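Inspection log for the structure reproduced underneath, given as structure tokens.
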There are 4 protein chains.
Amino acid sequence: MDIKEIQKRLRDFAEERNWEQFHSPKNLTMALSAEAAELLELFQWLTEEQSRAVVDSERDMALVREEVADVFIYLARLADKLGIDIEKEVFKKMDLNEKKYPVGLSKGNATKYNRRQEKKGT
Amino acid sequence: MDIKEIQKRLRDFAEERNWEQFHSPKNLTMALSAEAAELLELFQWLTEEQSRAVVDSERDMALVREEVADVFIYLARLADKLGIDIEKEVFKKMDLNEKKYPVGLSKGNATKYNRRQEKKGT
Amino acid sequence: MDIKEIQKRLRDFAEERNWEQFHSPKNLTMALSAEAAELLELFQWLTEEQSRAVVDSERDMALVREEVADVFIYLARLADKLGIDIEKEVFKKMDLNEKKYPVGLSKGNATKYNRRQEKKGT
Amino acid sequence: MDIKEIQKRLRDFAEERNWEQFHSPKNLTMALSAEAAELLELFQWLTEEQSRAVVDSERDMALVREEVADVFIYLARLADKLGIDIEKEVFKKMDLNEKKYPVGLSKGNATKYNRRQEKKGT
């Protein structure tokens with residue numbers, strides 16, 4: 001994936017329309033969350049099994065694909081504005097997760113998996 | 001960016017821990033939205049100007065970078081599970097947006113920019 | 001529920017701390033979304049059945065209750081700032097939904113239920 | 001606000017349409033987040049000042065009011081399903097916040113206000 005090219009094209013797109021003024025990091029995180037929620041909305045009344053079967057419906061997949069693109073676009077814009085190298089950060093995070101959740105302790109441990117989220121909430 | 005490699009490593013990570021059972025598309029959209037909201041939370045009380053100045057704080061940037069990675073990770077996982085080629089979809093969406101918002105009509109048109117969101121809400 | 005009293009107390013709380021400056025409607029929608037996502041996060045890896053059984057865990061319920069309060073607090077603040085009478089709007093919306101989804105056509109119609117969301121997404 | 005009456009009417013509405021099956025706590029947190037994000041979306045490209053001026057536009061306010069109702073409706077449904085007394089939890093949380101952020105230490109302390117969010121993120 002040529003993320004530099006995507007980011008350049010998104011930047012040119014915003015500049016040509018004089019829309020850079022709207023793309024503060026704050027606003028971009030709002031747009032990103034709103035797009036992520038549109039993806040969420042497509043799945044909210046489906047059972048998990050139905051959510052796996054979405055691949056069989058061209059109609060559903062067209063909607064999902066478009067929302068996935070929208071989420072990516074705002075994430076790429078945000079990273080561009082803040083000078084974040086997404087790929088590098090993803091590798092760092094994957095390294096971290098591999099240390100944090102060693103295979104032996106984590107395997108098939110659903111309870112632990114569920115619980116680890118709660119520690120973060122407040 | 002080698003997204004195939006990232007997706008393979010995320011898949012292996014989940015399989016080794018027997019966590020694939022948790023990664024239904026439905027659940028992944030929830031995790032994606034939750035991570036996007038953690039990014040949102042970092043910016044919620046900042047002015048737009050302060051949000052642009054986040055780049056000057058190594059402490060803030062460390063938090064932002066990690067959340068950007070988390071959002072990307074769940075998006076990549078979701079795309080992998082549903083067989084979505086993110087790059088292809090992003091180019092399709094950028095083509096679409098260029099037609100939808102021609103430069104002449106959209107330039108510096110803040111009101112129109114704001115309004116175009118409302119049409120989608122219900 | 002005495003929502004006027006809750007809103008007055010939240011207003012006094014913000015004023016006494018000179019925090020009204022942070023509570024623009026924009027920022028409050030961000031805080032509301034972030035809190036809603038913390039609730040979402042508590043349920044993201046649970047099956048629907050497990051999510052129903054959350055009532056049996058005092059530990060889980062304590063977390064859920066606190067997030068429910070947080071979501072309500074930011075919604076009440078937003079309504080107060082914008083002069084919205086929540087109760088009135090809820091009754092209006094319930095009237096609307098009863099017309100929009102007549103019992104006869106909607107009964108047990110899962111497909112229709114799922115689909116009605118998609119029309120809204122973009 | 002007669003929240004018991006609202007919850008009863010929402011419960012009857014779902015039962016009459018055989019929609020209770022869709023209203024697992026998990027799904028309701030998804031719907032709640034999606035609705036909160038629709039509210040967010042209305043404000044994403046506005047400046048904070050513009051967001052305060054939304055009260056002057058009947059057209060904008062109509063959209064905001066409807067989304068506020070939608071958020072409340074799913075929150076009320078969730079609380080009903082899990083037997084949560086929202087008012088009681090809100091008072092508990094307000095008591096807690098008053099202890100956590102004493103007026104003397106918190107007054108006009110924007111930095112502290114911003115920072116307290118970050119501690120929660122991961």
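For this structure, a couple of remarks:
- If the condition is being among the hydrophobic types (A, V, I, L, M, F, W, C) and surrounded by 18 or more Cβ atoms within 10 Å (Cβ to Cβ), then the range C:3-29 contributes C:Ile3, C:Ile6, C:Leu10, C:Phe13, C:Trp19, C:Phe22, C:Leu28.
- For D:Asp95, the criteria (1) within 7 Å of chain C (Cβ to nearest Cβ); (2) among the charged types (D, E, K, R); (3) more than 30 Å from B:Ser57 (Cβ to Cβ); (4) surrounded by fewer than 16 Cβ atoms within 10 Å (Cβ to Cβ) hold in every case but one, which is (1).
- Selection status of D:Lys81, of a type outside the set (Ser, Thr, Tyr) and without any contact (Cβ under 8 Å) to a residue 12 or more places away in the chain: no
- Just one of the listed residues (D:Leu82, D:Leu32) is at the interface with another protein chain (Cβ under 7 Å from one of its Cβ atoms) and either crowded, with 20+ Cβ neighbours inside 10 Å or out of contact with any helix residue (DSSP H, G or I) (no Cβ under 8 Å at 6 or more places or on another chain) (or both), and it is D:Leu32.
- Hey, D:Glu67 touching a residue at least 12 places away in the same chain (Cβ under 8 Å) and in contact with a helix residue (DSSP H, G or I) (Cβ under 9 Å, 6 or more places away or on another chain) or not: yes
- Residue match in the range B:56-66 (condition: on the phi > 0 side of the Ramachandran plot, more than 14 Å from chain C (Cβ to nearest Cβ) and modelled with pLDDT of 95 or more): no
- Here is the figure for the range A:5-29: residues that are more than 17 Å from the chain's Cα centre (by Cα) and more than 9 Å from chain B (Cβ to nearest Cβ) total 8.
- Any hit, the range C:36-45, residues being of a type in the set (Gly, Ala, Ser), closer than 24 Å to B:Ala31 by Cβ and facing chain B (nearest Cβ under 9 Å): yes
- Subset of the range C:99-111 [within 7 Å of another protein chain (Cβ to nearest Cβ) and surrounded by 14 or more Cβ atoms within 10 Å (Cβ to Cβ)]: C:Tyr101, C:Ser106
The values are calculated or read from the model by the stated rules, or taken from the named source; none is laboratory data. Note that the structure is predicted; figures quoted are calculated from it, not measured. A quick note on method: Cβ atoms are made from the backbone with ideal geometry, for glycine too, and the neighbour counts reach across all protein chains shown.
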